Each structure stands twice: as C-alpha cells, then as structure tokens.
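Heads up, the thing below is written out as structure tokens.
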Amino acid sequence: MDKEINNYYLEFVKEYKEIRKKEEGKPKLLLHVCCGPCSAYPLVFLQDLFDITILYSNSNIYPKEEYDKRLYNLKRYVNEINLKFNKHILVIEDNYDYDSFKEDLLPFKNQKEGLNRCKICIAKRMKRLFIVAKERNFKYVTTVMSISRNKDAVYINKIGKAIENNLYKNEIEFIYTDFKKNDGQEIGIKIAKKYNLYRQDYCGCEFSLPLNKREEKIIDISIVLLLKDVIKEEQLRKCLDSLVNQEGNIAYEIFISLRNKDENNKTYKIIEEYKNKYNELFNVHYLTEESKENITSNNNNKNNFTFDESDIKNYALKNSNGRYIVFIESSSYLSKDFLSVNYKVALKNNADVVNFLYKNIKENKKVSSFNHSFYLTKFYNKNNKKRILKALFNDVFVRGYLFNKFFKKDFLKNQNIFFMKESSCIEDIFFSYLVFLYSKKVVFINKTLLYRYKNLDKEKFDINKFSLKLINSWFLMRYVSIKEGYKNIGVLSFLPKSIMLSYNGLKFYKNLDISYFSYLKRNSKQLKKLVKNEYKYEGEEWEKALYIYLEKSKDNHY
C-alpha cells in the first residue's frame with residue numbers, strides 16, 4: 001500500500017497541481033458514482049477542474065428496482081448540472097450482474113457493516129473502475145465514496161493507489177479524495193434536498209438491507225395473463241413458454257385469475273403444469289364468492305354478481321404486486337427481450353405508459369406485414385397530447401388496445417383508473433383513453449415485442465351489440481374529454497369509417513341492423529348539447545355506466 005497520509009484533501013490539491021503541469025487542457029476524469037446524493041457535492045467541486053465522465057458501476061445494489069431508482073436520480077441530477085452550468089457530463093452505466101457480485105460477499109453476510117464484506121465490495125467496484133478507464137482511454141480516475149461517513153476514506157484511497165501501482169502503473173492514475181473535508185457531506189445534503197434527490201436508507205447491499213425490507217418480495221413487473229375461452233393448446237403453451245423464458249435480471253410475476261377451479265379443464269391442467277414447474281414465477285388466483293370484495297366492479301347488485309373480463313382485470317389491478325403491469329392475452333406470445341426493453345425504457349423515462357409495437361399472425365401462421373401501431377411514434381415525438389387524443393378518437397381499434405402497453409401501477413392508482421363493466425362499453429378502449437388523457441409521460445417504442453394470433457370466434461360475435469358498446473365508449477370518452485377541457489378532438493362520423501376499415505366495409509354494412517344508423521342520427525343532436533355542457537342524461541344505458549364510473553370513482557378500488 002501507499003504511504004500514510006493524514007489529510008487526503010490536501011493530497012488532492014498537491015496531485016491536481018502536478019496534473020495541470022502535465023496536461024495542456026482540462027484533464028479527463030472517470031468518476032465512479034454510487035448514487036445521486038453522494039455525487040451532489042463532488043460534482044460541484046470537480047466540475048471546473050476536470051472534464052468529467054461518470055461511471056455508474058454498482059452491481060452490489062439489491063434489488064434491481066433500487067439499482068434503477070438510484071441510476072434514474074443520478075441521471076436527473078446530472079442533467080440539471082449540465083443545464084445550469086453549461087456542462088457536458090456523461091453517465092456510463094456498467095453491466096448489472098448482482099448474482100456474480102454477491103458470490104464474494106456471501107462468506108461475510110453476517111458481518112456488521114464496515115468490515116470485510118464492505119472492503120471486498122469497494123475493492124471489486126474500484127477494480128471495475130480501472131478496467132473501464134483502460135477500455136475508454138481515461139488517464140485519471142477516482143470515486144465519490146469517500147464522502148460517506150460510513151465509508152473508510154483511508155481504505156478507499158489506499159485500495160485505489162494499490163490497484164494503480166500493482167496493475168496500471170504509468171497508465172492510469174488514481175486521484176486521492178476525501179469529500180467529507182471542508183463540510184463536503186453537509187453541503188452535499190443541502191444540494192440533494194434542493195434537487196429533491198432520492199436518499200436511500202441503506203448502502204445498497206442485500207445484507208445491509210433492513211430485515212423487514214429484505215423479507216419483502218419486490219416485484220418489478222406483473223404480467224397479467226388473460227385466458228381466452230377458445231384457445232388452442234399449442235398457442236397457450238407457446239404463450240407460457242415466452243412468459244417464463246424472459247431475458248434480463250428482472251423480478252416479475254405471472255398473474256392469473258381463474259373463474260373456477262376445474263381440474264378436468266385442459267387450460268386449467270396446462271396452467272397447473274407450468275405453475276408446478278415455475279412456482280416462483282406464477283401467482284394464480286381462483287375467483288370465488290369471497291373474491292367479490294377484492295374486485296373493483298360497477299355492478300351494485302352483489303347478489304347477482306358475475307365475473308366478466310373487466311372484473312378479472314380489476315382484480316389484477318388490486319392484487320398484483322408489480323411496479324408496472326402489462327395485460328397479455330393467451331393467444332399471443334412475447335419476444336425474449338419483451339420485459340427488459342419495456343422496463344428499461346419505462347424507468348429511463350419515468351413513464352406512466354410505454355406503448356410498444358406488435359404484429360398479428362394469421363391462421364396460416366404467417367406474420368402480418370401490417371403493423372397497427374407503427375405510425376403512433378409520429379404523434380408523441382411532437383409532445384402534443386391533444387393530437388394524440390384526436391388520433392385515439394379517429395382509430396380506437398388501434399390505440400384502444402390494451403395488450404401493447406406497459407402501465408405504471410402508482411399512476412393508475414393515483415388517477416383511480418380501472419375497467420368499466422364490459423356490458424357498458426368496450427372497456428379496454430375507455431381504459432386506454434383515460435390512461436392517455438391523464439398521463440404525464442407516454443413513451444412509444446418503435447420495436448415489435450409481441451405477436452398475437454387472430455382467433456376471433458365469429459359465431460359468438462354480435463356486430464350490433466359491439467356497435468352499441470362502441471358508441472357508448474365514444475360517449476364516455478367524449479364526456480370525460482370535455483370535462484378535462486378538450487372540447488374539439490372528435491367527430492361522430494369516425495365510427496362508421498373506423499368499423500368499416502376494421503371489418504371490411506361491405507360485409508359489415510350488410511350484416512348491420514339499420515337501428516345502428518338511427519342511433520347515430522339521434523345522438524348527433526345530443527352531442528351538440530353535450531359540447532355546450534347543456535345535455536342532461538336521462539335513462540340511456542351509456543349514461544348509467546358513466547354515472548357509476550365518475551360518481552363512484554372516489555371509492556378505494558386498489
């Protein structure tokens with residue numbers, strides 16, 4: 001190890017003077033950072049002395065959700081610094097590999113913080129700092145870890161110099177630091193409060209995590225599997241295989257609600273087979289009479305209660321455990337990077353909703369070349385919510401789909417967004433519209449991550465009932481839009497056009513009851529009054545549904 005030093009701050013001053021003698025311009029520094037608050041003061045202190053690049057290399061942090069939260073706050077703070085001081089500080093994210101990192105710490109898991117486990121953790125990250133520095137041609141490196149009173153600044157500096165002298169002498173120079181000096185920690189705390197940085201209550205290691213938190217099962221994503229009544233066994237198995245074989249180190253659950261426990265049902269047997277094989281992933285619920293209290297329902301008559309699709313989805317909203325939730329139909333399957341891509345984008349952008357691309361597979365099993373959602377990216381790139389809402393009105397079949405979206409659970413809970421009874425409207429369309437209406441951040445991924453089979457059961461499909469439910473959906477969307485200040489985003493004429501495009505025009509009109517058009521004509525006059533906020537709802541089925549949704553929305557549905 002290096003010589004004994006009494007004051008690492010004074011040693012830094014000496015080293016920096018020598019560096020400036022050798023360097024013509026501002027020297028480039030690779031700075032290891034563990035979190036936003038620890039970087040608060042060091043970045044302010046170093047920004048005028050070095051051309052800084054940050055390395056976020058912290059595979060010690062557990063769980064992944066905590067790792068991502070710290071990274072997000074660090075990036076947010078760096079962006080603020082760059083804007084405020086006209087800097088160009090970059091953040092490099094190293095690979096996250098907690099499982100291999102943990103192996104060296106396990107023998108010391110029962111030690112108190114600050115002993116051998118912590119020293120090994122620091123040394124591993126410092127070694128990684130030098131490796132990345134060599135890969136990216138950095139001559140100077142250091143870390144912000146010395147700012148913490150819980151970290152041994154002497155050990156941090158000695159291990160940094162030891163790695164330099166033993167492995168990288170004359171190639172990379174470790175710079176002494178002790179950011180606690182000169183009230184650095186106190187200044188850092190004030191800066192962290194000013195920028196509202198997330199301040200964690202443990203260092204990041206699983207073994208330093210408070211016991212009550214360590215025992216909690218932390219889930220990043222809940223995949224809610226919606227089982228089709230008519231589904232081929234091969235399609236269901238392909239769907240389940242894609243769910244259990246996701247890439248990336250992401251904690252997720254496969255949430256399934258079954259209306260009844262029927263051991264003779266083939267779908268039930270397949271679900272049980274996968275559940276027994278992948279027990280840690282599956283969270284299966286069997287809905288009974290007692291489940292009524294755990295379901296957000298617009299059906300006030302509990303005695304005549306029946307489970308429909310909206311009840312299944314609302315039950316998942318309330319009882320699933322993930323930070324994000326996604327609804328997947330059993331007649332579809334996912335790409336291997338489905339979760340990793342969506343979750344990374346969601347966290348990076350702090351998104352309320354992530355909308356991704358999908359493709360249909362026809363009966364001949366060929367992937368359709370037409371991708372419904374491709375052109376959505378044109379709208380949100382311009383950050384124009386009103387234009388997005390107009391697009392949703394003009395093609396509810398495209399943007400009303402539920403299965404091609406990731407939702408943040410807290411956002412849905414805070415806005416109290418849930419599914420209406422499917423008898424009232426097309427619940428997915430109205431749900432998706434509310435999500436777009438109230439969200440602060442929607443991100444579109446221009447990548448196909450889901451494939452779905454087109455298995456429409458034509459014998460059960462009633463085009464007239466569907467049309468009336470679609471009109472009800474439109475009125476609900478229209479009412480809420482006006483209520484929120486968007487008065488001119490839809491016209492009633494979109495309905496026949498949209499249905500025609502989706503169901504091959506002439507065939508649709510031939511089978512459609514003429515009362516549908518009289519319904520349109522009658523309600524076009526009501527719509528004009530609605531726009532002026534003069535219309536008083538009386539007796540219409542869609543109005544009853546709307547009243548239940550809006551007036552009863554103060555209940556705790558989650």
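FYI, it's all coordinate maths here, none of it is from the lab. Quantities reported herein were computed from a predicted structural model and do not represent experimental measurements. All Cβ positions, glycine included, derive from the backbone under ideal geometry; neighbour counts span all protein chains shown.
Observations, loosely collected:
- Residues whose amide H lies under 5 Å from that of Asn60, counting only those 5 or more places away or on a different chain, are absent; hydrogens are built 1.01 Å from N in the peptide plane.
- Cα-Cα over 23 Å, subset of Lys318/Lys362; Lys362/Lys421; Lys359/Lys413; Lys408/Lys447; Lys193/Lys409: Lys318/Lys362; Lys362/Lys421; Lys359/Lys413; Lys193/Lys409
- Estimated at 0.36 nm per residue, the fully extended path between Asn150 and His285 surpasses their Cα-Cα distance by 44.1 nm.
- Distance in nm between pseudo-label sites at Tyr198 and Asn414 (7 Å out along the Cβ direction from Cα): 1.3
- Evaluating 6.51 cos²θ - 1.76 cosθ + 1.60 at θ = phi - 60° for every residue in segment 158-167, the Karplus couplings come out as 5, 5, x, 5, 5, 5, 4, 5, 8, 10 Hz, glycine and proline recorded as x.
- Inter-part distance where segment 72-99 and segment 135-167 are each reduced to a Cα centre, Å: 19
- Computed from backbone phi, the HN-Hα couplings of segment 139-152 come to 9, 10, 9, 6, 9, 8, 4, 5, 6, 7, 5, 8, 10, 7 Hz, rounded to whole numbers (Karplus: 6.51 cos²θ - 1.76 cosθ + 1.60, θ = phi - 60°; Gly and Pro given as x).
- Förster radius 60 Å - calculated FRET efficiency between Glu272 and Lys17 (Cβ-Cβ, nearest 0.05): 0.25
- Interchain or long-range residues, amide H under 5 Å from Ile54's placed H: Leu31, Leu90, Val91, Ile92
- Close amide-amide hydrogen proximity is noted between Gly322 and Ser222, each under 5 Å apart and 5 or more residues distant or on a separate chain (H modeled in the peptide plane; Pro and chain starts excluded).
- The phi-based Karplus calculation (6.51 cos²θ - 1.76 cosθ + 1.60; θ = phi - 60°) puts the 3J(HN,Hα) values of segment 119-125 at 5, 5, 4, 5, 4, 5, 6 Hz, whole numbers, x for Gly and Pro.
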